[in-house]
1. Which entries of LYS7/LYS437; LYS154/LYS346; LYS367/LYS436; LYS31/LYS86; LYS230/LYS268; LYS367/LYS437 show an alpha-carbon separation above 21 angstrom in the structure shown?
2. So what's the gap between the Cα centers of region 234-288 and region 51-94, to the nearest angstrom?
3. Subtracting the Cα-Cα distance from 0.36 nm times the residue separation, let me have the gained length for ARG301 to LYS7 in nm, one decimal.
4. Can you grab the distance from the C-alpha centre of region 312-344 to the C-alpha centre of region 124-180, Å, no decimals?
5. Please return the longest stretch of the chain lacking exposed loop sites, where GluC sites (Glu not before Pro) count only if DSSP places them in a loop and at most 13 other Cβ atoms lie within 10 Å.
6. Given region 182-271, report the % of alpha carbon pairs whose separation exceeds 19 Å.
7. Need one number: the % of Cα-Cα pairs in region 1-75 sitting beyond the 21 Å mark.
8. At 1.4 Å probe size, put HIS89, HIS263, HIS77 in order of accessible surface, largest to smallest.
Amino acid sequence: MTDRESKYATLLSEMIQCETISQVGVQNKDKFDHFHEVLGKLFPQVFSKCEIVEIDSSLLIRLPGKTDGEAFLFMSHQDVVPAEGKWEHEPFSGDVTDGIVWGRGTVDTKGPLMCMLQAMEELIEEGFTPEVDMYIASSSTEEVSGDGAPKTVKYLQDHGVRLQLLMDEGGMIVDEPMGGVNGRFAMIGTLEKGYVDFKVIAKSNGGHASTPSKNSPLARLGAFMVDIEKHNPNKAQMSDTVMEMLRRMGPYTKGAMGFVFRHVKLFKPLLEKIMPMTSATAAAMVRTTMAFTMMEGSSARNVIPEEAYLNINSRLIHHQGLQATTEILKRYCDKYDLELEILDAKEPQAPVDFTQKAFRTVEETVKEFYPDVVPTPYVMTGGTDAYYYWPVTDNAIRFAPLVISEQQLHSIHALNENIGTASLPTAVDFYKSIAKKMK
């Protein structure tokens, strides 16, 4: 381990040791106050020479630039999800062993947060002043879809801030991002799907379980779910983002599929048929998804419910937004005598144009620090705080410049989350390089 690796691993370890689990409807202000005190000690230049704005427990840090041109912002949330189950290393130990930092948040997303804070720290130490204002934003409510990011955006709007570039969590640097695609790729998120929860309700007169009748609420809900899974009604369509991603992967894909990817425009109709069958991830990139996540019926074992319901968590693709998806589900609900309610919804936002300056700057910086890596745009199938920033930027890019293994990728929100120390110095330098390019 190099001296820089050791230093950065120690910084990240101390951040991991601060338990910052967020909970719906709970502020947990004390734990975030403590985390902010720790950050102040770890990054003294940042916290003494920058403007620090605390919005509830979310942070917005500003390093003033030379001019009043459009600012740029790095973003990574400070809250984490619960750490359940038996871990190899205690989830909030921050253990550093054999070139690995262990703990909840190492990837999602205190690792990137450490790198961007350290980048700002080193830039200040070097006497660097950015051409335009440089911001770091860190929400305390990302994992619970809270109001940390929306309130931060409101603050930026109120102060007339417009961002030429935003970099949030999202894709990273991975090997073989799809089956049969050989090579290392920087997956740069340029498109984030929308989100909606639907409540599907089945009603009846209820009754005693000893004399059941047909078409009970749970039976109708079950038939409804099976019908949708067997005959997926969501239309697959190739976006410009997906087509560009496959085109860039084409030279690294063997056989007939490589030929198809290299000539993606010609084979677009074929790909719209086969992509949903390739994998759940590939399917989510080209169509709206519907996941059955919760179901409830009677509170007693021997009672047929008068009312039962299920929840559908749906991620909305741009070509099939809320209205179209609602209409599809309404037809199925009518078929099975069910009612439909929308609990909450966020329409998909406009994708980042991967031909323009913001994306090209990130792309060029990937090539600068990772010459063997292929940068490519891709579709974010999950949600990020960047979603809320559309009022202040057209260029919300979802990418953290960390090299990550398949195991580390799968440790997000799961057991044994960890990150390699070797990826930390380059990530710090990556953020510094971006800062120096912003004019």
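The values are calculated or read from the model by the stated rules, or taken from the named source; none is laboratory data. Since this is a predicted model, take the numbers as computed values, not measurements. As a convention, Cβ positions derive from the backbone with ideal geometry for all residues, glycine included, and neighbour counts pool all protein chains shown. Ligands, DNA and RNA are excluded from the accessible area calculation, which covers all protein heavy atoms including side chains. Shrake-Rupley method; radii C 1.70, N 1.55, O 1.52, S 1.80 Å.
1. As for pairs spanning more than 21 Å Cα to Cα, those are LYS7/LYS437; LYS31/LYS86; LYS230/LYS268.
2. 34
3. This chain segment gains 100.0 nm when fully extended.
4. What the calculation gives is 32 Å, centre to centre.
5. After excluding every exposed loop site, the longest remaining stretch is 127-439.
6. 64
7. Tail fraction, whole percent: 41.
8. My answer, sorted largest first, is HIS263, HIS89, HIS77.
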